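Worksheet: one structure, shown below.
Read-outs: derived from the displayed coordinates by stated rules, not from any lab. Predicted model, so just to flag it, every value in this text is computed and none were measured. Backbone-built Cβ (ideal geometry, glycine too); neighbour counts: all protein chains shown.
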Amino acid sequence: MATSKAAVNITTDTTSYQNLSIKDLIEARDNFHIHLMKKENVVGTAIGKYRVRDVDLDGDRIKVKRRYPRPKRTLQTSRIVAESWPCILVFVSDWIADKKLKEGYDFDKIIPTKVYMPDGREVPICVIEAPRVEASMDHVNETELIFPINYVSGGFPLILQTQGIERVASIGCIASDGNKYYALTNKHVVGTPGSIIYTKLKGNLIPIGTSSAKTLGNINFNKIYPEWKVTNQFLNADVGLIEIDDLTYWKTDIFRVGEMGKVVDVNTSNLTLNLIGCPVAAYGSISGKLEGEITALFYRYKAIGGYEYVADFLIGPRGKNKALNTKHGDSGTVWAKECVNKKDGSNEYLPIGIQWGAHTFIEAGKSIKCTYALATCLSNVLRVLELDIIRDWNLDQDYTWGKVGHYTIANLATKLVKNGRLKKLMTGNLELISFSDDLLTMGKIDSKRKKLDYTPLADVPDLIWKLRGGKFKRGKENPNHFADMDKKDSKNKTLLDYCTGKGANMKFLTPKEWLEYYTDKKVNDPSKGILPFRVWQIFAEMVKFVKSGDINGYMAAAGILSHYVGDACQPLHISYMFNGIPQQGKPKKGLGVHEEYENNMINTYNLSDIFPKAKNEFHKAKYKTLYKLTSGQEAAACTVDLMRNTFKTLNPVTIVNAYTKYQKQKDTLVEKLWNQFGKATTHLLFADGAHTLASLWESAWLLGKGNSNIAESDVVDPEAIKKLYEKDDFLPSANIKEIEQYLV
């Protein structure tokens with residue numbers, strides 16, 4: 001590489017450059033691309049922002065005086081700053097130093113510092129040394145891969161066996177054309193239509209679907225970006241689809257990244273250079289968690305037969321001295337734009353691209369290799385294939401209906417406790433369990449939680465024990481949060497039908513009988529929820545803590561119990577219709593109802609309507625007296641009674657039908673759901689749930705003789721409680737085959 005001595009001054013002459021648009025850069029590159037590629041050492045071009053050498057920076061600002069002789073500019077020794085201006089990026093395999101220029105270098109081989117358009121516009125050029133080799137095709141060590149345990153999602157490995165070779169790639173995400181559901185990955189991965197695609201579940205190779213005939217390869221650039229006319233240029237899409245066999249085994253988040261937000265819609269009217277430097281994240285089945293940033297747009301990676309081939313995004317490391325190191329087998333990975341949710345300050349991940357390849361750039365003379373991902377814009381793919389990303393399928397297999405609901409029920413229960421000593425204990429430590437009355441909204445809860453050194457107990461099961469990738473995540477926690485009580489088995493009976501009688505007189509199923517129901521050929525439910533047994537287990541532990549005078553143990557267990565009781569009085573948590581009504585060979589009727597009813601509606605109306613109205617319910621006679629439970633089995637039966645009353649007053653079918661009716665009325669959907677179900681929601685989800693929870697608290701206190709065995713205390717130390725819930729053996733999580741050992 002060489003540049004002329006009249007190189008652009010990096011502190012002046014840039015004002016006009018800042019006004020250049022993507023269209024200007026694309027047009028300039030198209031006009032001069034052949035000219036640039038004829039220069040010595042040039043290996044590729046892209047458009048982006050001018051990269052300033054680290055030695056020319058004072059913090060994040062460009063120095064007034066630049067350094068001579070000028071050192072080579074590489075991807076690792078330069079970066080984009082606020083003052084960086086739009087430019088054409090030219091990648092070269094070898095940097096020619098200033099000294100060589102003075103010794104009579106052939107100036108015909110020099111790359112100009114800018115090009116001139118016919119109308120007088122000047123477009124700057126940024127030259128970068130980046131010797132390129134293809135990304136490593138190293139053999140994949142399958143023992144190092146992480147395969148799904150329960151559910152398949154974006155980021156997990158998929159396996160294709162063809163011509164005696166086992167090929168591994170990554171699952172991107174789930175999409176639908178309104179008729180079928182597909183897993184997105186790369187075209188070069190899925191093979192011929194009808195090929196069986198596998199993954200491993202619990203160590204066993206299982207088919208997850210077949211490759212679809214619907215694919216996407218090279219696309220004419222002008223078809224995707226019609227306002228930016230170029231000649232002889234193709235975008236590489238390389239998208240293949242897998243027709244999913246059984247959607248019930250799938251989730252729509254990205255493993256160890258999180259739930260996806262809305263797809264970033266990229267088109268000629270909104271694509272700007274502001275994407276350059278944008279942080280993105282992904283999970284490759286080979287490389288694991290990937291964190292990078294968009295380095296350049298429309299990176300030209302090859303030219304054949306007079307045609308240019310470009311990638312929408314070149315994704316590189318995030319920050320200096322950090323490697324991306326994406327590997328062979330990450331093909332199909334979905335990259336998501338990482339941004340901050342303005343409402344609660346949490347990270348939000350908006351899918352933007354699908355990876356299909358990688359290039360490795362070498363720092364000459366240092367043997368430093370840094371791999372960059374090549375990705376296609378996801379919104380363009382969806383537009384051409386007429387697909388929609390599915391973002392809400394089986395997310396509720398985490399079975400959380402939001403912090404607001406759980407914390408509100410725990411708060412309300414403290415107001416219903418009758419025993420004087422216990423009431424003083426619970427109300428005096430309210431913020432150890434929940435939040436004060438005026439904080440029961442999503443924004444206020446999250447804002448307050450950031451200031452605490454512990455997690456209020458009502459949502460420990462979700463935020464600590466089920467948090468994806470969390471330090472204290474429990475693999476067997478999930479089935480403790482739900483139970484599908486209304487699905488009919490081969491005998492035309494549901495779990496509610498089998499639990500005959502009421503309260504202490506209920507004929508409650510044993511764990512073995514519960515398992516027999518779930519394995520019935522008509523039910524065939526792999527999730528096997530055991531929520532009533534979890535209540536039984538914790539109730540029994542509370543009694544033990546009280547008998548032994550362990551106030552910390554009792555408080556931790558009582559606060560955590562409120563989470564499961566909250567789940568038990570949520571109609572969509574205890575039904576097989578949790579996110580719509582299954583239809584044979586078709587998408588669920590009412591898909592998406594879970595989020596709108598359980599989260600959005602409750603979050604919207606909680607503090608203004610639900611919470612105050614639920615408190616007003618407490619003057620009624622039914623809430624004046626608490627249930628007196630004498631055993632863990634009675635606690636489980638009481639939970640089933642709560643579930644039965646929930647279905648009786650607010651059936652999931654009614655909710656799904658209403659959601660389906662109002663689904664297209666996005667602006668008023670939540671309001672219409674509230675108008676139809678608000679009163680019943682207040683009565684059931686909160687008043688009845690709080691009453692049941694208070695009964696469980698007080699019954700355990702009385703059985704353990706709390707007034708005698710626990711010394712009167714006003715405040716419990718949060719640090720002591722935190723140490724308890726961070727222990728694996730505190731209220732240990734179990735599945736249906738293991739739960740019996742904890743039932744006493």
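For the range 484-549, the gyration tensor built on C-alpha atoms gives a prolate shape. Its axis ratio a/c (a ≥ b ≥ c) is at least 1.5, and a/b is the larger of a/b and b/c.
Separation of the range 171-221 from the range 408-487 is 40 Å, based on Cα centroids. Segment Lys63..Gln741, full-extension length gain: 237.1 nm, with 0.36 nm per residue of separation and the alpha-carbon distance subtracted. Excluding same-chain neighbours fewer than eight residues apart, the lysines reachable from Lys214 by a Cα-Cα span under 20 Å are Lys180, Lys187, Lys223, Lys586. Between Lys109 and Ala82, residue separation times 0.36 nm minus the direct Cα-Cα distance comes to 6.6 nm.
So for the chain, averaging the separation of alpha carbon pairs under 8 Å that are six or more residues apart and normalising by length, what relative contact order in percent results?
Details: 1540 pairs, mean separation 82.2, N = 744.
Answer for the chain is 11 percent.
Here's the list of aspartates and glutamates a cross-link from Lys661 could span, going by alpha-carbon distance under 14 Å and ignoring same-chain residues fewer than 8 apart: Glu596, Glu671. Helix content alone sets the calculated 222 nm mean residue ellipticity of the chain: runs of n ≥ 4 DSSP H residues at -39500 (n - 2.57) each, divided across all residues, give -7500 deg cm²/dmol.
In the range 142-389, what percentage of the DSSP-assigned beta bridges are antiparallel, given to the nearest 5?
Numbers: 70 of 76 bridges.
Antiparallel bridges make up about 90 percent of those DSSP assigns within the range 142-389.
Derived scalar couplings between HN and Hα for the range 456-464 equal x, 4, 4, 10, 4, x, 7, 7, 10 Hz in order, rounded to whole Hz, by the Karplus curve 6.51 cos²θ - 1.76 cosθ + 1.60 (θ = phi - 60°), x for Gly and Pro.
Highest mean packing comes first when the peptides 354-361, 331-338 are listed by Cβ atoms within 10 Å, giving 331-338, 354-361.
Of the residues Val189, Val535, Val523, the one with the fewest other Cβ atoms within 10 Å heads the list, and the complete ranking is Val523, Val189, Val535. The order of the peptides 230-238, 50-58 by mean Cβ neighbours within 10 Å, most packed first, is 230-238, 50-58.
State the Kirkwood hydrodynamic radius of the chain in Å, one decimal place, computed from all pairs of distinct Cα atoms. Averaging 1/r across every pair of different Cα atoms and inverting gives 28.7 Å.
If you take all other residues with their beta carbon under 12 Å from the beta carbon of Leu235, and give Lys and Arg +1 and Asp and Glu -1, the sum is -1.
Using Cβ point charges alone (K and R +1, D and E -1), the dipole size of the chain about the Cα centre works out to roughly 540 debye.
Site pair Asp388 and His35 shows an inter-label distance of 4.8 nm when each label is modelled 7 Å from Cα along Cα→Cβ. Estimated at 0.36 nm per residue, the fully extended path between Asp177 and Lys521 surpasses their Cα-Cα distance by 120.8 nm.
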